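Notes for the one structure printed next.
Please treat every number below as a calculation from the coordinates, not as lab data. All values derive from a computational prediction rather than experimental measurement. Positions of Cβ are backbone-derived with ideal geometry, glycine not excepted, and every protein chain shown enters the neighbour counts.
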């Protein structure tokens, strides 16, 4: 069978060979904590890692509001603070915005979502450590159980997609929170 150049190029991109690496973030994968910066430019680990169920919102700042419908729905559920935390992580490497502007916006989001923490990933450290797919102009939602395993992961492109996954994410959060004594 003869493969044309066009077919080869199409397969190259469909199979992901055009990516910068292999991406392996999937449900059930155990992930490690990483060192990022908080809104005050202080290096720190992701808080509550292994202590609570976490909803990690890993967003390109150019898509900062993509997951607001999901964030708002989770906030309305009023999950117990001793078992759940929402963590926002700004993927600063995929934006033209200066980090100082992103830090200011992070502080504003922390005010809007009391108890939430916003961290800055200036060098794609989290994306590399957890092997996330390209998030340029997109937002990831990643639910991490207390056992440090990915329970839910989705790359979200717009608010309609965020609205469409609300029930699924809430169900996963409720299930994981119920496992904690």
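Taking a ≥ b ≥ c as the square roots of the eigenvalues of the alpha carbon gyration tensor, region 91-163 is rounded, as a/c is under 1.5.
Helix 68-77 and the longest principal axis of the Cα set of the chain meet at an angle near 40°.
By other beta-carbon atoms within 10 Å, ranking 95, 30 with the fewest at the front produces 30, 95.
Helix 5-14 axis versus longest C-alpha principal axis of the chain: approximately 10°, rounded to the nearest ten. Relative to the longest principal axis of the C-alpha atoms of the chain, give the angle of the C-alpha long axis of helix 99-112, reported between 0 and 90° and rounded to the nearest 10°. Between helix and principal axis, roughly 50 degrees.
Taking every DSSP helix (H) stretch of at least 4 residues in the chain, weighting each as -39,500 (n - 2.57) and dividing the sum by the residue count yields a mean residue ellipticity at 222 nm of -9500 deg cm²/dmol.
Relative to one another, the C-alpha centroids of region 56-88 and region 111-144 are positioned 11 Å apart. Within the chain, what percent of beta bridges assigned by DSSP are antiparallel, to the nearest 5? Just about 60 percent of them are antiparallel. Placing a pseudo-label 7 Å from each Cα along the Cα-to-Cβ vector at residue 181 and residue 26 gives an inter-label distance of 3.3 nm. For the pair residue 42 and residue 112, label points projected 7 Å from Cα toward Cβ lie 2.4 nm apart. What distance in nm lies between label points placed 7 Å from Cα along the C-beta direction at residue 160 and residue 72? So the label points at residue 160 and residue 72 sit 1.7 nm apart. Each Cα pair under 8 Å and six or more residues apart adds its sequence gap; the mean of these over the residue count of region 25-178 is a relative contact order of 36 percent.
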